[in-house]
Amino acid sequence: MHLLFLSGLSRVSLGLTALLLTVTPFSAAASTTFEKNIITSRNATGKITIPPPTGSYTVGRTTLYLTDKSRIDPLSPTPHEYRLVVAQIYYPTHPPHKLKGKYHLDGYVSERIAAIIEAEYPLPPGMIGSVTSNSYLNAPVVLPKKGPAEIVLFSPGYGGTGSIYATYHEDLASHGYIVISLDPVYDTVVIEVPGKGELWNRFNGSAVDPTADDFIQFNDLRSEDAAFVVEALGDPKSDLVTGKDWWSKDAKIAMFGHSLGGSATARSMLLTQKIVGGMLIDGSIQGTPPPPPSPGIITNPVILFGTHDHNRETDPSWPPFYGNIAKGWKRELLLNNSGHLTFSDFAPMAKLIGLWDLPEEVLPEATLMEVLGSIDGERAMAVVREFIKGFMGWVIRGDKEGKDMVEGKGIGEWPEIEVRE
């Protein structure tokens, strides 16, 4: 079973499986044409760099490996093993001239994930591995102001890693936020953990697909990971914050997630009201009701962000959530002419590395249209970035302009977006 970018939604799994099964190996001529198409995307070093963030702060990135000793991981092949929580953290750091010679730009994804992408798509070996991010690896944390830390949590689509949403994380960090992107172990296709080696999704390479109960379990574990991180942020003795500048007693925390990660965002908000707002992007809502003391409703602001063919009219899980659980401020946003993977880096990257320019016999355009829609990938990224940033600016910082944006005021600047109450 192909895992990367999958969501757990049958419509998406089938769509992406079609994409992976439709591509055919490069001929020598096709490979030459492909490499010519991407040459203009390379920077001065000859490498491809993902689109830059829009804020004024330089971005750093690090990874932390945390242990939740209150939970035994039911997915671990090792009996009685505590739950491991893997957090990729994006944050503001020093300007580039203060980092040169000491820190370097991190790769876009890990070497293992890069190899998997290159194997599943018709890409020349080393292409994804050569892509760089805009984040300096393990650079110092330099918060733009004193006061409560401004934290954004993120949960990716099923099988995915937060790295393939780096364009959103880097953009938020460049505007002063700390982004904690959670890679769920034994759910993400593979995670390399120091001292443990490679932790694979147990369905990798299997002829058996996850069942509905499996997805519920994945969802519940993800939301419990997020709740653990929220509590750790307020504990000065936790491994998450010990010696780190992002600790503050009264951190302001919001969350967003894509696909299964959107569902995990909803359940995380039910587990802890410390998450002041949540954006659920293009995924069905599932999971078990949290036990008391959860109130069973969400009173903080919530956005359901869908597409022209995935919304309250087409997904039976959305109306009950919107009507019975989301009891505070709420809106539904639709990104028109988009597909499920438009909300990941796959949208701008498909254009950046030339997938749209591949010959029809290698990758039919209709197959890309199924998962990305007809909207321009870079424009889609820009629009989604702005609405994520606007929502976070409102719920975390109290920015009125952000609230106006997600309520549809001045929407003429964003004709791709439809706002529904």
Next on the checklist: Within segment 348-358, does at least one residue satisfy the condition of being more than 22 Å from the chain's Cα centre (by Cα) and surrounded by 22 or more Cβ atoms within 10 Å (Cβ to Cβ)?
Outcome noted: yes
Item to check | Residue list for segment 366-421, restricted to those being within 30 Å of GLY147 (Cα to Cα) and small (Gly, Ala, Ser) | outcome: ALA382, GLY390, GLY393, GLY398, GLY402
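Yes/no per residue for (1) open to solvent by 20 Å² or more (accessible area, probe 1.4 Å); (2) outside any strand (DSSP E or B); (3) in contact with a Cys (Cβ under 9 Å, 6 or more places away or on another chain):
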residue	(1), (2), (3)
ALA119	yes, yes, no
PRO140	yes, yes, no
GLY160	no, yes, no
SER163	no, yes, no
GLY176	no, yes, no
SER181	no, no, no
ASN204	yes, yes, no
Next on the checklist: For GLU361, only one of the following conditions fails: (1) open to solvent by 10 Å² or more (accessible area, probe 1.4 Å); (2) within 28 Å of VAL395 (Cβ to Cβ). What is its number?
Outcome noted: (2)
Checklist entry - Got a number for residues in segment 104-117 being open to solvent by 50 Å² or more (accessible area, probe 1.4 Å) and part of a helix (DSSP H, G or I)? => result 2
Checklist entry - Taking segment 206-233 as the search range and keeping residues that are out of contact with any strand residue (DSSP E or B) (no Cβ under 7 Å at 6 or more places or on another chain) and among the β-branched types (Val, Ile, Thr), which one is least open to solvent (accessible area, probe 1.4 Å)? => result ILE216
Checklist outcome for this item: Out of (1) touching a residue at least 24 places away in the same chain (Cβ under 8 Å); (2) open to solvent by 30 Å² or more (accessible area, probe 1.4 Å); (3) in a loop (DSSP other than H, G, I, E, B), the one ARG379 does not meet is (3)
Checklist entry - Does any residue of segment 71-83 turn out to be over 30 Å from LEU221 (Cβ atoms) and either assigned to a strand (DSSP E or B) or β-branched (Val, Ile, Thr) (or both)? => result no
Item to check | Pairs where the first residue, in segment 62-79, is among the β-branched types (Val, Ile, Thr) and the second is open to solvent by 90 Å² or more (accessible area, probe 1.4 Å) and not in a strand (DSSP E or B), C-beta under 7 Å, 6+ apart | outcome: ILE72/HIS80
Next on the checklist: I'm told GLY408 meets every condition in (1) modelled with pLDDT of 90 or more; (2) open to solvent by less than 30 Å² (accessible area, probe 1.4 Å); (3) not in a loop (DSSP other than H, G, I, E, B) except one. Can you identify the failing condition by its number?
Outcome noted: (3)
Checklist entry - Can you tell me which residue in segment 350-368 is nearest to GLY129 (Cα to Cα), limited to those that are in contact (Cβ under 8 Å) with a residue 60 or more places away in the chain and not in a helix (DSSP H, G or I)? => result ILE353
Next on the checklist: Can you confirm whether GLY354 is at pLDDT below 90 and in contact with a Lys or Arg (Cβ under 9 Å, 6 or more places away or on another chain)?
Outcome noted: yes
Checklist entry - Take the residues of segment 64-86 that are modelled with pLDDT under 95 and closer than 28 Å to LYS145 by Cβ: which is surrounded by the most Cβ atoms within 10 Å (Cβ to Cβ)? => result LEU66
Item to check | Residue satisfying all of: in segment 411-421; assigned to a loop (DSSP other than H, G, I, E, B) and open to solvent by less than 70 Å² (accessible area, probe 1.4 Å); modelled with the lowest pLDDT among these | outcome: TRP414
Next on the checklist: For segment 255-278, give me the residue count where each residue is out of contact with any Pro (no Cβ under 9 Å at 6 or more places or on another chain) and surrounded by 21 or more Cβ atoms within 10 Å (Cβ to Cβ).
Outcome noted: 9
Checklist outcome for this item: Reported set for segment 382-405 where residues are touching a Ser or Thr at 6+ places or on another chain (Cβ under 9 Å) and outside any helix (DSSP H, G or I) is none
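The values are calculated or read from the model by the stated rules, or taken from the named source; none is laboratory data. It should be emphasised that the depicted structure is a prediction, and the values quoted were computed from it without experimental measurement. Ideal geometry is used to build each Cβ from the backbone, glycine not excepted, and the neighbour counts take in all protein chains shown. Ligands, DNA and RNA are excluded from the accessible area calculation, which covers all protein heavy atoms including side chains. Shrake-Rupley method; radii C 1.70, N 1.55, O 1.52, S 1.80 Å.
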